[in-house]
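Written out below as C-alpha cells is the structure these notes cover.
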Amino acid sequence: MSAAITVDHVTKRYRLYHERNQSVKAAIMRGRRARYDEFLALDDVSFEIREGIAFGLIGENGSGKSTMLKCMARILRTDAGSITTRGKLSALLELGAGFHPELSGRENVYLNGAILGLSRREIDQRFDAIVDFSGIEQFIDAPVKNYSSGMYVRLGFAVAINVDPEILLIDEVLAVGDQEFQNKCTDKIASMRREGRTIVVVSHALPSVRALCDEVALLEHGHLIRTGPAEDVIDHYLTEILSIDPAELGIPRRATGEIHLDGVEIIGADGRPRPEPTIGDAVTLRFHFTARERVVEPVFGMSFTSSDGVLVTGCNTMTSGIRMVVEPGPGHLDLEIPRLLVAPGRYHITGTVYDREHTTPIHEVGDLHAFHVAEGTLRTSGITSLGGTWRADA
Ligand SMILES: Nc1ncnc2c1ncn2[C@@H]1O[C@H](COP(=O)(O)OP(=O)(O)O)[C@@H](O)[C@H]1O
Ligand SMILES: [Mg+2]
C-alpha cells in the first residue's frame, strides 16, 4: 500500500527573539543581526502514513504534535527534510486558523473553500451541507469575531470535511465543542475512514485515539519515540512514559502473548477423547498451549458459559494454589472434573492466562472451545446439578 504522507527526516526550529522592546538606536548599533535562540520543535523525524488509515499523533504538551501537523498542511516550512503528501488535503488546525475575523461565517466558508481549491460553484453546492453540519445557521451572516470558540470549531470542522478531502488533518480543537457535536464529528471521521480517506488526528483523549486510529506516532520533545499499531504505541506511552495503568483510563490491558492458548481437549475416564460428554461423567479438560518463552507461575483460568450467555462457573490455578513454570514450546494443563454437573446443552469455554500477579493478561480467548453435554441418567433442571442422590428411609 502506498503512503499518503511521507515524513522524511523533518527538522523544524522556532526562533525565539529577545529584546523585543529595544530602542531603535540599540538595534542600529547591533547591526542587522537580530538576537535569537533557536528552539528545536522537531528533530529529524521520519515516518510514513499509509493511504486510507487513521493515524494518531500523541505526546505531552509541547512535544511537537501541532508543529508536525502544520508542516504537513504546509502552513509551516521545515528547516530540513521533507514531507510528501498524496491527495487533496484539508486541515482543521488551531482554533480560528484560516478564519478572517471581520468576515461573516458565510464569507469565511467561501474564503476557506477557495483556499482548499474549490470553485465558487463547488462551494455553492456544498454550502447548505456545511451550514447544516455546523448547526450555527442563525449566526452564519454574523462576523466570526463574535463567534464563541465552539462556533469556530463547528464551522471549521464543517468546512474541512465537506470539501471532499483525501487527507484530513485535525488538531486537538475538537475537544472544544460540546459532547453532542464531538460525537457527530467522531462519527463523521469514522465514516470518512471507512470511505478510505486518510485521517491524521492529534488528540489527548487516548481512549478515543485508540478506538479510532490504526497507527500512532509518539513524539517527545520533538523526537519520534515510537510509531506502530495504535495499541502498542499507546500502551508504551501510558506505561513507560506516564506510568499509568491503562486500565485506569478504561483501556483494557493488552495481552502480552508469551503463552498462546491453542484449544481444549475433553478426555473421558478411560483416557480417550470424549468430545461430547454426558452429564455426570468424569472428564478432564486438557488446555493445550504454546509458550514463546519461559514463563514463571502464569495463572491459567477458565470459565463455562451456557449457550444463552449465562456464566456457569469459573476457576483458576491461582486460587487452587498451583505454581508452575512453563517452558518454551507446546504444553498442556489438565483440569480434572470428577463429575461434570452441568445440565445437558451447549457450553463455551473461555480460556485465560495471566502473569503471576494475575494483573496482566498473557492470552485471553473468549471462545476457546464449544462443546455439547449430552443427556444421561442424571436428571436436573436449571443449568447445573448438585449431583445429589435422594434416599428415602422407609
Ligand atoms: N511559533 C512558535 N514560536 C516559538 N516556539 C513555538 C512556536 N510554536 C510552538 N513552539 C514551541 O514548540 C514546541 C512544540 O509545540 P507544539 O508543536 O505546539 O506542541 P504540541 O502540539 O505537541 O503541544 C513547544 O515547546 C512550543 O512552545
Ligand atoms: Mg498542539
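Look through region 173-189, keep the residues that are surrounded by 14 or more Cβ atoms within 10 Å (Cβ to Cβ) and more than 16 Å from ligand 2 (Cβ to nearest atom), and return whichever of them is nearest to GLY87 (Cα to Cα). Before the answer, list the steps.
Step one: list which residues in region 173-189 are surrounded by 14 or more Cβ atoms within 10 Å (Cβ to Cβ), which gives 173-174, 176-177, 181-182, 184-186, 188-189.
With more than 16 Å from ligand 2 (Cβ to nearest atom) added as a condition, the list becomes 177, 181-182, 184-186, 188-189.
On the way: GLY177: 28, PHE181: 27, GLN182: 26, LYS184: 25, CYS185: 22, THR186: 22, LYS188: 19, ILE189: 17 Å.
Of everything passing the filter in region 173-189, ILE189 is nearest to GLY87 (Cα to Cα).
Of the numbered conditions (1) surrounded by fewer than 17 Cβ atoms within 10 Å (Cβ to Cβ); (2) more than 16 Å from ligand 1 (Cβ to nearest atom), ILE75 fails exactly one; give the number of that condition.
If we test ILE75 against (1) surrounded by fewer than 17 Cβ atoms within 10 Å (Cβ to Cβ); (2) more than 16 Å from ligand 1 (Cβ to nearest atom), just (2) comes out false.
If I ask for residues that are among the acidic types (Asp, Glu) and without any contact (Cβ under 8 Å) to a residue 24 or more places away in the chain, which ones from region 91-121 would you list? Don't jump to the end; show me each part of the working.
To start, the set of residues in region 91-121 that are among the acidic types (Asp, Glu) comprises 94, 102, 107.
The one that is among the acidic types (Asp, Glu) and without any contact (Cβ under 8 Å) to a residue 24 or more places away in the chain: GLU107.
Could you please find all residues in region 173-198 being out of contact with any Leu (no Cβ under 9 Å at 6 or more places or on another chain) and modelled with pLDDT under 85?
As a first pass, look at region 173-198 and keep what is out of contact with any Leu (no Cβ under 9 Å at 6 or more places or on another chain): 175, 177-180, 183-184, 187-188, 191, 194-196.
Matches in region 173-198: ALA175, GLY177, ASP178, GLN179, GLU180, ASN183, LYS184, ASP187.
Output the residues belonging to region 280-300 that are aliphatic (A, V, I, L, M) and closer than 15 Å to ASP355 by Cα. Write out each step before concluding.
Keep residues of region 280-300 that are aliphatic (A, V, I, L, M), which gives 282-283, 285, 291, 295-296, 299.
The answer is ALA291, VAL295, VAL296, VAL299.
Being open to solvent by less than 60 Å² (accessible area, probe 1.4 Å) and outside any strand (DSSP E or B): is that true of LEU111 here? Before the answer, list the steps.
Numbers: open to solvent by less than 60 Å² (accessible area, probe 1.4 Å): no; outside any strand (DSSP E or B): yes.
No; evaluated as a whole, the condition is false for this residue.
Within region 132-182, can you find the residues that are within 16 Å of ligand 1 (Cβ to nearest atom) and farther than 21 Å from GLY196 by Cβ?
Narrowing region 132-182 to residues within 16 Å of ligand 1 (Cβ to nearest atom): 169-176.
Passing the criteria: ASP171, GLU172, VAL173, LEU174, ALA175, VAL176.
Before we move on, is GLY301 in a loop (DSSP other than H, G, I, E, B) and within 19 Å of ILE267 (Cα to Cα)?
Here the answer is no, as GLY301 does not meet what is asked.
Any residue at all in region 43-65 that is more than 21 Å from VAL173 (Cβ to Cβ), within 15 Å of ligand 1 (Cβ to nearest atom), touching a strand residue (DSSP E or B) at 6+ places or on another chain (Cβ under 7 Å) and aliphatic (A, V, I, L, M)?
yes
Among the residues of region 120-128, is any away from ligand 2 (no atom under 16 Å from the Cβ), under 18 Å from VAL153 (Cβ atoms) and modelled with pLDDT under 95?
Checked against the condition, which is being away from ligand 2 (no atom under 16 Å from the Cβ), under 18 Å from VAL153 (Cβ atoms) and modelled with pLDDT under 95, region 120-128 yields no hits at all.
Out of region 90-108, which residues are away from ligand 2 (no atom under 16 Å from the Cβ) and open to solvent by less than 40 Å² (accessible area, probe 1.4 Å)?
Of everything in region 90-108, those that are away from ligand 2 (no atom under 16 Å from the Cβ) and open to solvent by less than 40 Å² (accessible area, probe 1.4 Å) turn out to be SER90, PHE99, SER104, GLY105, ASN108.
Which of the following residues is in contact with a Gly (Cβ under 6 Å, 6 or more places away or on another chain), under 26 Å from THR186 (Cβ atoms) and not charged (D, E, K, R): LEU242, LEU218, LEU212, LEU249? Reasoning before the result, please.
Details: LEU242 fails: in contact with a Gly (Cβ under 6 Å, 6 or more places away or on another chain); LEU212 fails: in contact with a Gly (Cβ under 6 Å, 6 or more places away or on another chain); LEU249 fails: in contact with a Gly (Cβ under 6 Å, 6 or more places away or on another chain).
When all the criteria are applied, what remains is LEU218.
Inspect all residues belonging to region 215-225 and state whether any of them is touching a Leu at 6+ places or on another chain (Cβ under 8 Å), open to solvent by 10 Å² or more (accessible area, probe 1.4 Å) and assigned to a strand (DSSP E or B).
We begin by selecting, within region 215-225, every residue touching a Leu at 6+ places or on another chain (Cβ under 8 Å); these are 216-219, 222, 224-225.
Now restrict to residues that are open to solvent by 10 Å² or more (accessible area, probe 1.4 Å): 224-225.
Okay, now just the ones that are also assigned to a strand (DSSP E or B), so 224-225.
Looking through region 215-225, at least one residue is touching a Leu at 6+ places or on another chain (Cβ under 8 Å), open to solvent by 10 Å² or more (accessible area, probe 1.4 Å) and assigned to a strand (DSSP E or B).
Conditions tested, residue by residue: (1) of a type in the set (Ser, Thr, Tyr); (2) under 16 Å from the mean Cα position of the chain (by Cα).
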residue: GLN182; (1), (2): no, no
residue: LEU224; (1), (2): no, no
residue: GLY228; (1), (2): no, yes
residue: LEU238; (1), (2): no, yes
residue: SER243; (1), (2): yes, no
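Restricting attention to region 335-394, which residues are surrounded by 12 or more Cβ atoms within 10 Å (Cβ to Cβ), of a type in the set (Phe, Trp, Tyr) and farther than 17 Å from VAL312 by Cβ?
TYR354
Quick one: how many residues across region 50-69 are open to solvent by 40 Å² or more (accessible area, probe 1.4 Å) and either at negative phi or not assigned by TED's automatic domain parsing to the domain that holds LEU118 (or both)? Steps first, please.
So in region 50-69, the residues open to solvent by 40 Å² or more (accessible area, probe 1.4 Å) come out as 50-51, 60-62.
With the extra rule that they be either at negative phi or not assigned by TED's automatic domain parsing to the domain that holds LEU118 (or both), the set shrinks to 50-51, 60-61.
Total satisfying the criteria: 4.
Can you find a residue that is in a helix (DSSP H, G or I), within 26 Å of the chain's Cα centre (by Cα) and either within 16 Å of ligand 2 (Cβ to nearest atom) or not assigned by TED's automatic domain parsing to the domain that holds SER66 (or both) anywhere in region 163-172?
yes
Across region 62-86, which residue is farthest from ligand 2 (Cβ to nearest atom) among those that are touching a helix residue (DSSP H, G or I) at 6+ places or on another chain (Cβ under 7 Å) and not in a loop (DSSP other than H, G, I, E, B)?
Here the residue is THR85.
Got a sec? Which of GLY321, GLY268 is open to solvent by 30 Å² or more (accessible area, probe 1.4 Å), small (Gly, Ala, Ser) and over 31 Å from the mean Cα position of the chain (by Cα)? Spell out the reasoning first.
On the way: GLY268 fails: open to solvent by 30 Å² or more (accessible area, probe 1.4 Å).
None of the others qualify; the one that does is GLY321.
The values are calculated or read from the model by the stated rules, or taken from the named source; none is laboratory data. Note that this is a predicted model, so its numbers are computed, not measured. Positions of Cβ are backbone-derived with ideal geometry, glycine not excepted, and every protein chain shown enters the neighbour counts. For accessibility, only protein heavy atoms count, side chains too; no ligands or nucleic acids. Shrake-Rupley method; radii C 1.70, N 1.55, O 1.52, S 1.80 Å.
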